[in-house]
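Visitor: Can you keep this structure in mind? I'll have questions shortly.
The values are calculated or read from the model by the stated rules, or taken from the named source; none is laboratory data. What you see is a predicted model; the values in this text were computed from it and never measured. Neighbour counts are summed over all protein chains in view; Cβ atoms, including those assigned to glycine, are modelled from backbone coordinates with ideal geometry.
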Amino acid sequence: MTTKDDPHLPLADGFDDLTHAQWQKLVAKVLNRGRPEDRQFDGPTAEARLHTTTVEGIGIDCLYEQGEQARPIGHPGVMPFTRGSGYRPANVPWGIRALHDDPDPTRTQKAILTDLERGATSIWLEIGDHAVRPEDVAKVTDGMLLDLAPICVSSRTDQAAAASAVLDLWRQRGLTTKQARGNLGLDPLGAAARTGSAPDATAMLSTTKTCLADYPQVRAIAIDMRPYHDAGAGDVDEIACAVATGIDYLRRLEEAGIDATQAFTQIEFRVNATTDQFLTIAKMRALRRLWARVGEECDVPEKDRGARLHAVTSWRMLSRDDPYVNMLRTTIACFGAAVGAAEAITVLPFDTVIGLPDEFSRRIARNTQVLLAEESNVGRVLDPSGGSWYVETLTDELAAAAWTALQEIEGAGGMTSALADGLVAARIDAANSERAKRLAKRTLPLTGVSMFPQVDEKRLERIPRQRVDIPAGGLVPHRDAEVFEAMRDRALAHAQTTGSAPEVFLACLGARRDFGARETFTSALLAVAGLATPRSEGGTAEEIGAAAKKHGARVAVLCSSTGKYAEEGADVAAALRQAGVERLFIAGKASELGENSGCVDDAIGMGMDVVATLTSILDLLGAPTAETTATADKATKNQGARR
């Protein structure tokens with residue numbers, strides 16, 4: 001109960017204070033369950049077992065403590081702007097920005113009006129021959145109240161044309177300069193990252209001058225981190241590249257007669273939000289801190305140093321298979337972006353990577369934000385994660401690591417040189433290499449793809465996007481799920497060619513209580529590659545061998561308990577070999593077979609390289625290679641179509 005003198009609820013009363021060593025002992029007690037006496041963990045070792053790192057080496061502890069002295073964390077809207085760039089109204093805490101890239105102007109115009117009528121507060125157009133054409137901008141925005149809803153643009157092919165199309169639109173509609181609102185999407189270094197060409201800042205410089213002179217509510221520049229993130233950049237490099245790009249633009253603008261204070265009003269950062277909500281939150285907080293530090297060094301007035309952030313749910317994290325799981329991914333990412341205090345958020349529809357979104361997927365993407373803002377009340381508190389020992393520590397570590405990376409980029413001559421010389425690509429390659437290992441071993445799991453796949457799912461059909469080829473030298477975008485989807489495509493192509501999916505025979509020894517757990521694990525793992533799993537349950541070695549021969553099994557897996565392996569494993573293995581099995585696995589460890597461990601070729605279990613193993617099985621079974629499966633499914637035609 002609270003009292004008049006002490007209004008705080010004493011939640012900790014009656015509980016003894018625990019030391020860190022006591023907590024470690026409790027952790028060890030849990031981890032030691034089922035472990036042999038001679039392999040028990042002590043407290044520090046148990047805690048170390050729970051320590052993880054990001055692909056860039058940022059440590060994630062399992063417990064964060066306040067420490068001896070809590071440091072001030074500041075306030076939103078003031079230096080160092082970690083906690084936010086300013087006040088956010090509770091009724092509209094962030095802008096709900098809907099992305100549109102359908103080349104059909106009639107469909108796009110209808111979709112835009114639907115979005116605006118049902119919750120979106122601004123529109124984002126991808127402009128180019130592959131998306132909304134410049135000449136169709138007026139048509140797709142017909143009926144849109146441009147003085148109320150900001151319009152933002154981007155272009156993978158011609159940023160200058162995209163910006164000009166919107167400026168022309170405002171002039172045609174007779175908007176006064178103060179009524180026009182939005183962002184013109186100019187980012188020459190982002191274009192260079194995509195194409196591998198030298199950046200051309202001509203349009204950025206001239207359009208920035210136009211906005212400063214005539215359009216006070218329009219920003220000319222959008223520093224877009226999607227090319228880097230989609231190519232595999234981690235959070236540290238995303239922050240570093242964003243700030244390095246901003247510094248590069250400050251220099252170019254200064255040479256053109258635009259000072260840093262004016263330049264700060266013209267820049268917006270487009271960042272990526274992922275399923276790691278805490279990394280998303282900390283990344284946005286760290287980016288604001290670093291950008292404010294740049295502003296401080298450039299004598300920008302304090303009130304103008306806060307970075308404006310447009311968060312986009314990560315395209316790289318989305319899957320083609322079991323796409324409805326993408327709703328969960330984008331909801332978590334949107335939550336992280338909201339808590340991280342983004343000024344605008346775009347939730348990509350769950351079917352984005354399959355083709356052009358339909359009305360239902362757009363509705364879900366839109367309502368994800370509406371529900372978080374209006375029903376979950378996420379935006380009613382500024383920086384709700386502020387003061388969390390985990391978030392504050394993670395923010396500090398990301399900021400420090402990004403500042404070090406930024407210094408490396410600056411030491412190499414700045415962002416333009418770092419792109420041209422391959423420094424940025426090398427850093428991205430390092431993150432990709434580590435991420436690939438984690439994906440392959442499923443320590444970075446993808447629900448519905450590398451874990452719990454739906455083998456018999458009916459794939460969604462969507463209108464395909466127009467393909468945009470990636471020039472040599474450009475950063476190549478790819479999704480985390482693609483390596484697993486490619487294996488599924490191989491299995492599908494095999495089924496279309498032969499009439500049945502490639503099979504791996506499960507030899508289940510004993511009763512279900514013996515083999516059930518491992519049979520379930522193995523069948524789910526093989527399903528990741530679309531492999532069918534006919535099986536035998538119990539029976540003698542001869543009966544199991546006969547069943548395998550009936551199925552024409554070339555690959556088989558022993559599934560059972562340690563005891564059954566010791567009793568029957570060698571005999572069953574011999575029967576399977578005699579039946580024609582060329583490659584034999586054991587679910588568990590080969591050592592469970594005792595002195596007969598050499599009768600199997602490999603083991604299936606936690607921590608294995610799933611991609612290497614499943615690929616080798618597909619190769620053995622003659623599944624078409626990735627190069628020959630391009631026409632196996634219409635959806636695969638969209639793999640190269642990037643927003």
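Visitor: Tell me the residue from P72, P80 that is free of Cβ contacts under 8 Å to residues at least 40 places away in the same chain and not basic (K, R), please.
Guide: Testing whether each residue is free of Cβ contacts under 8 Å to residues at least 40 places away in the same chain and not basic (K, R) leaves just P72.
Visitor: Which residues, counting only those in the stretch 562-578, are more than 14 Å from G598 (Cβ to Cβ) and touching a helix residue (DSSP H, G or I) at 6+ places or on another chain (Cβ under 7 Å)?
Guide: Once the filter is applied, which keeps residues that are more than 14 Å from G598 (Cβ to Cβ) and touching a helix residue (DSSP H, G or I) at 6+ places or on another chain (Cβ under 7 Å), the stretch 562-578 yields T562, K564, A566, E568, D571, V572, A575, L576, Q578.
Visitor: Now a separate question. Residues A641, A553, A603, A575: which one is surrounded by 14 or more Cβ atoms within 10 Å (Cβ to Cβ), modelled with pLDDT of 95 or more, assigned to a loop (DSSP other than H, G, I, E, B) and touching a Gly at 6+ places or on another chain (Cβ under 9 Å)?
Guide: A553
Visitor: While we're looking at this one, here's another question. Of the residues G340, G379, only one is surrounded by 24 or more Cβ atoms within 10 Å (Cβ to Cβ), in contact (Cβ under 8 Å) with a residue 60 or more places away in the chain and more than 24 Å from R467 (Cβ to Cβ); which?
Guide: G340
Visitor: Taking only the stretch 607-634 into account, find how many residues are in a helix (DSSP H, G or I) and modelled with pLDDT under 95.
Guide: Final tally of qualifying residues: 4.
Visitor: L189 - would you say it is hydrophobic (A, V, I, L, M, F, W, C) and surrounded by fewer than 19 Cβ atoms within 10 Å (Cβ to Cβ)?
Guide: No; evaluated as a whole, the condition is false for this residue.
Visitor: Still on this structure, I have one more. Hey, among the residues in the stretch 89-102 that are at pLDDT below 95 and not aliphatic (A, V, I, L, M), which one's surrounded by the most Cβ atoms within 10 Å (Cβ to Cβ)? Give the derivation first.
Guide: Pass one, the stretch 89-102, residues at pLDDT below 95: 89-93.
Keeping just the survivors that are not aliphatic (A, V, I, L, M) gives 89, 91, 93.
Values: P89: 9, N91: 9, P93: 23.
Among those residues, the one meeting the criterion is P93.
Visitor: Can you tell me which residue among G545, G510 is more than 38 Å from the chain's Cα centre (by Cα), in contact (Cβ under 8 Å) with a residue 24 or more places away in the chain and in a loop (DSSP other than H, G, I, E, B)? Break it down into steps so the answer makes sense when it comes.
Guide: On the way: G545 fails: in a loop (DSSP other than H, G, I, E, B).
When all the criteria are applied, what remains is G510.
Let's see how each residue does on (1) modelled with pLDDT of 95 or more; (2) assigned by TED's automatic domain parsing to the domain that holds V312; (3) charged (D, E, K, R):
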| residue | (1), (2), (3) |
| --- | --- |
| G34 | no, no, no |
| E37 | no, no, yes |
| R49 | no, no, yes |
| T54 | yes, no, no |
| Q66 | no, no, no |
| P72 | no, no, no |
| Y87 | no, no, no |
| P105 | yes, yes, no |
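Visitor: Further, regarding this structure: Which condition number does T177 fail, the rest of (1) assigned to a helix (DSSP H, G or I); (2) surrounded by fewer than 18 Cβ atoms within 10 Å (Cβ to Cβ); (3) of a type outside the set (A, V, I, L, M, F, W, C) being met?
Guide: Exception for T177: condition (1).
Visitor: Among what's in the stretch 210-247 and is among the hydroxyl-bearing types (S, T, Y) and within 20 Å of A344 (Cβ to Cβ), pick the residue that is surrounded by the most Cβ atoms within 10 Å (Cβ to Cβ).
Guide: Applying the filter and picking the extreme gives T245.
Visitor: Residues that are part of a loop (DSSP other than H, G, I, E, B) and surrounded by 13 or more Cβ atoms within 10 Å (Cβ to Cβ): does the stretch 103-113 have at least one?
Guide: Taking every residue of the stretch 103-113 in turn, at least one turns out to be part of a loop (DSSP other than H, G, I, E, B) and surrounded by 13 or more Cβ atoms within 10 Å (Cβ to Cβ).
Visitor: Could you grab me the full set of residues in the stretch 255-300 that are farther than 22 Å from A338 by Cα and of a type in the set (G, A, S)?
Guide: Once the filter is applied, which keeps residues that are farther than 22 Å from A338 by Cα and of a type in the set (G, A, S), the stretch 255-300 yields A256, G257, A260, A263, G295.
Visitor: So, one more: Among (1) more than 24 Å from the chain's Cα centre (by Cα); (2) among the basic types (K, R); (3) assigned to a loop (DSSP other than H, G, I, E, B), where does R156 come up short?
Guide: (1)
Visitor: Another question, if that's okay. Using the structure shown, decide if A311 is at pLDDT below 95 and crowded, with 22+ Cβ neighbours inside 10 Å.
Guide: No.
Visitor: Separate question: With A98, A90 as the choices, which residue is in a loop (DSSP other than H, G, I, E, B) and either of a type in the set (K, R) or within 26 Å of L382 (Cα to Cα) (or both)?
Guide: On the way: A98 fails: in a loop (DSSP other than H, G, I, E, B).
Going through A98, A90 in turn, just one is in a loop (DSSP other than H, G, I, E, B) and either of a type in the set (K, R) or within 26 Å of L382 (Cα to Cα) (or both): A90.
Visitor: What are the pairs with Cβ atoms under 9 angstrom where one residue, in the stretch 445-469, is more than 20 Å from V610 (Cβ to Cβ) and the other, located anywhere, is of a type in the set (V, I, T) and surrounded by 14 or more Cβ atoms within 10 Å (Cβ to Cβ)? Sequence gap at least six, or different chains.
Guide: Cβ pairs passing all conditions: R459/I354; L460/I354; E461/I354; R462/I354; P464/I354; V468/T157.
Visitor: So if I check each of L175, L212, L253, which one is of a type outside the set (S, T, N, Q) and at pLDDT below 95?
Guide: Of L175, L212, L253, the one residue that is of a type outside the set (S, T, N, Q) and at pLDDT below 95 is L175.
Visitor: Which residue out of T202, T207 is assigned by TED's automatic domain parsing to the domain that holds A307, crowded, with 18+ Cβ neighbours inside 10 Å, modelled with pLDDT of 95 or more and of a type in the set (S, T, N, Q)? Give the steps one after another, and end with the answer.
Guide: Working: T202 fails: crowded, with 18+ Cβ neighbours inside 10 Å.
Testing whether each residue is assigned by TED's automatic domain parsing to the domain that holds A307, crowded, with 18+ Cβ neighbours inside 10 Å, modelled with pLDDT of 95 or more and of a type in the set (S, T, N, Q) leaves just T207.
Visitor: Of everything in the stretch 343-367, what is in a helix (DSSP H, G or I), in contact with a helix residue (DSSP H, G or I) (Cβ under 8 Å, 6 or more places away or on another chain) and free of Cβ contacts under 8 Å to residues at least 60 places away in the same chain? Give them in sequence order.
Guide: Residue satisfying the conditions is I364 alone.
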